[in-house]
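The values are calculated or read from the model by the stated rules, or taken from the named source; none is laboratory data. Computed from a predicted model, the values in this text were never measured in an experiment. No Cβ is skipped: glycine too gets one built from the backbone with ideal geometry, and neighbour counts run over all protein chains shown. Protein only, heavy atoms only, side chains kept; ligands, DNA and RNA dropped before computing areas. Shrake-Rupley method; radii C 1.70, N 1.55, O 1.52, S 1.80 Å.
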Amino acid sequence: MILFIAASTCLMATFLCVAFACKQIGSKPKQSMAERLKNIAATGISDGKPNDLRDQDKMNQSLLERVILPLTTKYSKAFIAITPSRMVSNADKALTQAGMQSKMTGLQLVTIAWILTVAIPVFLGILFLPHLAQGTIGIGLYISILAGAGALGYRLPIGVVGGKANRRKFEIQRSLPFSFDLVSIAVAAGMSFDGAMGMVAERTSGALSEEFKRTLREVNLGISREKALDNLSARTGVDDLRTFITAINFISKLGGNLTTVISVQTEALRVKRQQRAEEKANQAPVKIMIPLVLFILPCVFIVILGPAVVSLIINPPQL
């Protein structure tokens with residue numbers, strides 16, 4: 001009974017602290033009805049056409065952009081004091097590799113993780129509290145459920161972004177040989193490296209094409225090509241692309257033949273892709289053993305030995 005009272009007190013204290021923090025953050029000066037009507041009258045008519053009270057462009061946005069991100073921006077002031085800077089920088093890096101740097105910031109992602117870390121245990125704690133009171137679950141299991149829910153709430157948004165970053169890296173890695181083949185052909189035909197990248201970016205689609213366009217925009221804004229390529233390597237996080245860019249920047253400083261270097265690096269990318277395919281093919285027999293042993297062989301044994309077992313049960317042998 002004492003443990004139950006202590007758990008209930010801690011849970012209610014956590015809930016009240018979160019509610020108080022949300023109230024303090026969300027508090028803003030109230031606006032009178034006359035001021036609100038005045039603002040509506042000032043912004044309600046534009047070019048002779050009445051506008052809706054809700055911005056149509058904002059309503060066309062997703063739930064993430066309309067509700068969740070503004071909410072996290074407001075709550076980030078409360079969580080920034082307990083958030084290490086390294087955690088925010090890692091979140092920014094994951095968002096950049098996932099191609100989501102324009103949608104949210106690392107602080108917003110970490111804030112979502114903190115909110116879920118608190119919200120999910122509170123919800124499950126209230127849900128399982130009657131079971132704890134009735135004695136169907138023990139206090140140890142109850143605390144384990146809350147701890148697991150907190151860990152799940154923290155890892156869920158970061159894991160989703162990390163999974164998207166891995167898929168995007170795989171897409172970039174898969175399209176590297178074909179894209180740099182086009183770059184090699186264009187450079188061999190007399191185009192500059194920047195022009196070849198622009199041509200590939202216009203005639204292809206995907207994550208690598210988007211990264212090429214962003215790199216060219218950085219070059220047009222005055223950033224050196226070497227620095228822009230280094231930024232491309234850092235944004236994507238693909239090792240093969242980093243090796244390719246390092247070779248391009250090195251040969252550009254020495255003034256060597258760029259066409260030969262691109263051809264050699266493209267061939268190396270193609271060989272690496274073939275080696276990875278062969279490695280996965282060699283791993284297939286080992287991976288297929290798990291479903292074979294767990295699912296296929298028991299079914300075969302049932303089909304072969306089942307009738308014999310049934311006949312022995314119906315007609316047992318006479319001793």
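Some points to look at:
- Once Rg and the Kirkwood radius are both taken over the C-alpha atoms of region 165-319, their ratio Rg/Rh works out to 1.41.
- In whole angstrom, region 268-309 maps to an equivalent ellipsoid with semi-axes of 39, 6, 5, each derived as √(5λ) from the alpha carbon gyration tensor and ordered largest first.
- For region 75-206, alpha-carbon Rg relative to the globular expectation (2.2 N^0.38 Å, N residues): 1.64
- Between Thr260 and His131, full extension at 0.36 nm per residue minus the direct alpha carbon distance yields a gain of 39.3 nm.
- At full extension, Phe170 and Leu152 could sit 3.9 nm farther apart than now, given 0.36 nm per residue minus the alpha carbon distance.
- Using a Förster distance of 45 Å, the FRET efficiency for Glu279-Ser144 (Cβ separation, nearest 0.05): 0.70
- Using the empirical formula 2.2 N^0.38 Å as the baseline, the Cα radius of gyration of region 134-223 reaches a ratio of 1.94.
- Counted charge near Arg86, where neighbours are those whose Cβ lies closer than 15 Å (Asp, Glu -1; Lys, Arg +1): 0
- With kT/(6 pi eta Rh) evaluated at 4 °C and eta = 1.567 mPa s, and Rh the Kirkwood radius from Cα pairs, region 220-289 diffuses with a coefficient of 91 µm²/s according to Stokes-Einstein.
- Counting only protein heavy atoms and a probe of 1.4 Å, the accessible surface of region 114-159 is 79% carbon and sulfur.
- Here r is the Cβ-Cβ distance between Asn249 and Ala119 and R0 is 51 Å; the resulting FRET efficiency, rounded to 0.05, is 0.65.
- Ranking by accessible area, most exposed first, for Tyr142, Tyr154 with a 1.4 Å probe: Tyr154, Tyr142
- For the peptides 163-171, 117-125, 77-85, residues were scored by their other Cβ atoms within 10 Å and the scores averaged per peptide; the highest-first order is 117-125, 163-171, 77-85.
- Ordering of 179-186, 215-222 by packing [mean C-beta count within 10 Å, highest first]: 179-186, 215-222
- Stretching Glu202 away from Glu267 to a fully extended chain increases their span by 21.1 nm, per 0.36 nm per residue minus the current alpha-carbon distance.
- Reciprocal mean inverse distance between Cα atoms of region 81-137 - Kirkwood radius, Å: 13.4 Å
- With the simple spin-label model, which puts each label point 7 Å out from Cα in the Cβ direction, the Lys74 to Phe178 separation comes to 4.6 nm.
- Label positions at Asn315 and Glu210, each projected 7 Å from the Cα along the C-beta direction, are separated by 7.0 nm.
- Sorted largest first by accessible area at a 1.4 angstrom probe radius, with every protein chain in place, the residues Met191, Met197 fall in the order Met191, Met197.
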